[in-house]
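**Q** Input: one structure, supplied below.
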Amino acid sequence: MSKKDSRRYLSDNNRSGKLKDLSNRLSKIEITSKSIRENSNKKNSLDKLIESIKNGQYNKIVVIVGAGISTASGIPDFRTPGTGLYDNLQRYNIPYPEAIFELNYFNKNSNPFFHLAKELYPGKYFPNINHYFIRYLYENNILHRVYTQNIDGLER
């Protein structure tokens, strides 16, 4: 979804239309975990959730998200071998990955931190459908709370 499309999507006050669009988009997402597929009927569960939100059955939704929500926007997670942030910190010649976030190391050599911060600087990455769903819940006063360890702020 382009930035222009996302603004149009968020500015549309048609709650039912937004939910239908979201339902269509989310139903195209394939669940690959065998245990999840066996233990839930994805289409029915998603349709029931969308219908319940549309009908106003939920008014205090709590969302818990991790790094996976933002990897679809191109932001690397920390631990994935090869592409994760920790693997790619080697180019900064630091003693161990976590050092880049430690004050003692920062006081000795702040350059790696600032190079990393520039790479992850806000504005380089854009929200995806997951972030828009959280935003939708917020704008319709359905969102009660978001718990996240993410630092990208894309759900705002």
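**Q** Quick one: in the stretch 38-61, of everything that is part of a helix (DSSP H, G or I) and at pLDDT below 75, which residue is nearest to the chain's Cα centre (by Cα)?
**A** That would be 46.
**Q** Condition test on residue 64, is it among the hydrophobic types (A, V, I, L, M, F, W, C), part of a helix (DSSP H, G or I) and under 25 Å from residue 19 (Cα atoms)?
**A** Here the answer is no, as residue 64 does not meet what is asked.
**Q** Of all residues in the stretch 67-78, which are in a loop (DSSP other than H, G, I, E, B) and either farther than 28 Å from residue 143 by Cβ or at pLDDT 80 or above (or both)?
**A** 72, 73, 74, 75
**Q** Name, by its number, the condition in (1) aliphatic (A, V, I, L, M); (2) in contact with a Phe, Trp or Tyr (Cβ under 7 Å, 6 or more places away or on another chain); (3) under 21 Å from residue 20 (Cα atoms) that does not hold for residue 137.
**A** Tallying (1) aliphatic (A, V, I, L, M); (2) in contact with a Phe, Trp or Tyr (Cβ under 7 Å, 6 or more places away or on another chain); (3) under 21 Å from residue 20 (Cα atoms), residue 137 fails exactly one: (2).
The values are calculated or read from the model by the stated rules, or taken from the named source; none is laboratory data. Everything numeric in this text was worked out from a predicted model, so none of it was measured. Don't worry about glycine lacking a Cβ; one is built from the backbone with ideal geometry, like all the others, and counts go over all protein chains shown.
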